[in-house]
1. Partner chain Cβ atoms within 10 Å, averaged over the residues of B:85-93 - can you pull that number for me?
2. Write down the radius of gyration of the protein assembly as shown and its Dmax, each obtained from C-alpha positions, in Å.
3. For the ranges A:421-427, B:17-23, A:354-360, what's the packing order if you count other beta-carbon atoms within 10 Å of each residue, average per peptide, and put the highest first?
4. Once every DSSP H run of n ≥ 4 in chain B is given -39500 (n - 2.57) and the sum is divided by its residues, what mean residue ellipticity at 222 nm do you get, rounded to the nearest 500 deg cm²/dmol?
5. What does the accessible area of A:D168 come to, in Å² to the nearest 10, when a probe of 1.4 Å is used?
6. If I take R0 = 51 Å and measure r between the Cβ atoms of B:N93 and A:D410 in this structure, what FRET efficiency does the formula 1/(1 + (r/R0)^6) give, to the nearest 0.05?
7. Mean residue ellipticity at 222 nm from the helices of chain A, using -39,500 (n - 2.57) per DSSP H segment of n ≥ 4 over the full residue count, to the nearest 500 deg cm²/dmol?
8. Hey, got the dipole for segment A:311-377? About the Cα centre, +1 on K and R Cβ, -1 on D and E Cβ, debye to the nearest 20?
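The values are calculated or read from the model by the stated rules, or taken from the named source; none is laboratory data. Every value quoted in this text rests on a predicted model; they were computed, and no experiment measured them. Cβ coordinates were reconstructed from backbone atoms using ideal geometry, including for glycine residues, and neighbour counts include every protein chain displayed. All accessible areas refer to the heavy atoms of the entire protein, side chains included, with ligands and DNA or RNA removed. Shrake-Rupley method; radii C 1.70, N 1.55, O 1.52, S 1.80 Å.
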Amino acid sequence: MNDKNRKKTAEELGVDKVHLESGIEVDPVYIANDIDGSSVKGEMPGEYPFTRGIHSTMYRKRPFTIRQYAGFASPEETNERFQFLISNGQSGLNVAFDLPTQCGLDSDDLRAMGEVGRVGMTVDTLDDFEIAFKNIDLDKITVSLTINGTAIIAIAMYIAMAEKSGYDISSLRGTAQNDILKEFIGRGTWIFPVDKSVKLVVDTIEYCAKHLPKYSPVSVCGYHIRESGANPIQEMSYAFCIAKAYTDGALSRDIDIDDFASRLSFNFDIYGNLFEQIAKFRGGRRLWAKIIREEYGAKNDKSSWLRMIAGGGGGGLTKEQPENNIIRSAYYALISALSGTQTMALCSYDEAYTIPTEHSAEISLRTMQIMIHEMGICDTVDPLGGSYYVETLTDRFEKEIKKEMKKVDDWGGIINAVSTGKIQESVSKQAYEREMGIQTGKVEKVGVNIFTREEESKDVEFHPYNQEAADKQIEKLKHIKASRNEHDVKACLAAVKTDAENGENLMSSIIEAVKVYATVGEIVQVMKDVYGEFEEPIFF
Amino acid sequence: MKILLSKPGLDGHDVGVKVLAHGLIEAGHQVVYSGLRKSIEDIVQKAINYNVDMVGLSILSGTHLIIAKKMNDVIKENDLEIPWIVGGNIPNNDVKTLEELGATKAFATSTKVEDVIHYFMDMNETQSQ
C-alpha cells in the first residue's frame, strides 16, 4: 500500500487541528512521501544552500561560542572587567551603552538626567573609550559594541583609539550591532530620518570593506522585532528585508558583494514552539544563501552564510515561578544548537524581576556547558536532518519567509514600510493579541495561566542609580571641553557638516572629529542640523 | 474617557504601552499616543491640546521616580488638575512613593491589561456620578 494513502488528516483521525504561532497547520504525522520533493535530499552540511549548517564539521570541530551580555556603568569599570576576563582566558565582551550615548546626548544634557550610566557604559568623548580599553590588547580581545543610533560614532571612536595606540587597523576585529532599521520597529533608539539612518549604516559597511576587512560592522536583529510582537516568519523576513536594504546601499557604492556580505551577521530570538524555531532557522538559512548567491551574484560561499547568534528570548520567560525559566532556557539552548547557531547567549532565570546574581548567571553558563559536555550535542552535524516533520516544516518556512518578504516589497520596501509605520502597526497588534491570549489562557503558559500556585509576588529590582558617578562623568566632560583645542573641534565638526551636506561617507570626518575630542552630542547635533530628525508615525 | 498614553524620558520600550492602547480602545476609550522620548513639558502640552481626561506615563528604564517628580512640578507650574498614572517596570515598593509624588495611581510590573481597564471603568463611573 502506498504510504501516501496511509497518512490521515486530523479530521480522519478525530483529533484537534493544531496551528503554529506562524499560522502553519501541523499534520498529526509526517511520512517519507512528505519530503519526496525536498531539495535537502543529497545536501551536505557546509554545502550551498547550507540548510544543514554553514560548516561541514560544525560543533564536532568547535562548539558554538558562548557569549553572555553584560553592562557596566563607567569606562573605568568596563576596563576592570576586561582585565578580569582576559586574565581568565576569555577573548570577547559585549559592551552595553547607556541611553544618552545611544540617543546622541552628552552626560550634561538635561534630557540625560537620571540616565547617565544607568543601562550601560557612558561615552561622551574618545577619552571614555581610551579609559575603557587601557592596556587591552585589541589583537587578542574582540569587542562587540551594542549600539545603533550612534553606532557610526562608536565605531569611529574604536578605530581612532586603535590608530592612536599604534594598531594596524586593517587587521582590527570586532563587531557592532549597528542595525538601525530594527530600532524603528522595536527598542526605539533612532535619531535621524529612516533613509539617512540607513545611509549611515552603509557608510560604516563601505568604510570597513575598504579599510577594516576583518571587522563586522552590522548585526541584523530579528530578535527585537520578534520581542515587539512579530511571529517567527515575520522575524526572519523583516530581518532579511533589512539586511537587503543595507546590502543594496553598499552595492550602490564602489564595492562588490563579496567584499562585505561575509561580514554581515544576524541576531535572532528563540521562544515558543521548538520545531517551529528550528525550521525557522534552517529554512531561513537556506533562503538567505539563495538570496545572496542568486539575487546578488556572490561568488564566495562565505558571503551567503547566515551567521547567527541565537539564544533565549526574554519574551518567553516569566516572573511567575521563575525557576521554570531555567528549564525553558535549557530548551532554548537545545533549539539553538539543533539549528546550527554560531554563538549562543541565554537570559538569567531571574532577570525578569531582579539584577541577575552570580549564581543565576552561572546557571545559564552551566546550561550550555552541560549540553556541550554531557548531551552529545556536538557529536554529529545537523542531527535533525532528514526528519520528515522538520524537513517539511523547513521547506514551508523558506516559502513563507519569502512570501512575507514579497509583502514588504508591496508596501514599497522596508524603508517605506518602517517610515510609514506599516510594520510597527502590524507587529504591535500581534503583541496585543498574544498578551490577550496569555491573559485569557488561549496561549498556555505554565505557572502563569496553567499549573499556577499561590506564591509570594516578587518585586522588581533595579541597580540603584549612581548619582555620584554621573556627576563625576559630567565633571570629566567639563574638564575635557576646557582642555581640548576648540579651534580643531570647530573645524572638524564643520567638516562633518560639509560631508553630510554633500552626501559623502561620514566615517573619515567623524574619525577626525572624535580624535580632537568632539563629543557624541556635538557630532549628532551637526548631523541633525543637516539630516533633521525622524518623525515617528503614531501607530499602535 | 480620552486618555493620553506617553513615553517620557529616553526609554524606547513601547510594546507594553501599545498593548494597553489596544486594550483601552477595545474597552471603548479614546487614546492619544505621544510617541517615544517626549519631555514632560511636551506631554503636558499635548494633554492640554487634546483636552484629555487622564495622562498615562510608561517608564521601563528605572527613571520613574525622577520623571514623576518632574511631572508633578510641571502640572503644578501650569496650575492643572489632570489626573496622571504611571506604569511600566515599576517595583511594588515604589507604588506608594509615586502616589505620594502626585500620581493618581501607579501600576506595578505585571499588572494585567484588564486590571488597568477596570481601573478606568471605575474612574469613569465616579466621574459621571
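1. Working: counts 0, 0, 0, 0, 4, 2, 7, 4, 3.
Mean inter-chain Cβ contacts per residue within 10 Å come to 2.
2. 25.3, 87
3. Going by the mean number of other Cβ atoms within 10 Å, highest first, we get B:17-23, A:421-427, A:354-360.
4. Numbers: 5 runs with 61 residues, N = 129.
It lands at -14500 deg cm²/dmol.
5. 90 Å²
6. Working: r = 49 Å, r/R0 = 0.97.
Efficiency, from the Cβ-Cβ distance: 0.55.
7. Estimated from H runs of four or more residues: -14500 deg cm²/dmol.
8. The calculated dipole for segment A:311-377 is roughly 200 debye.
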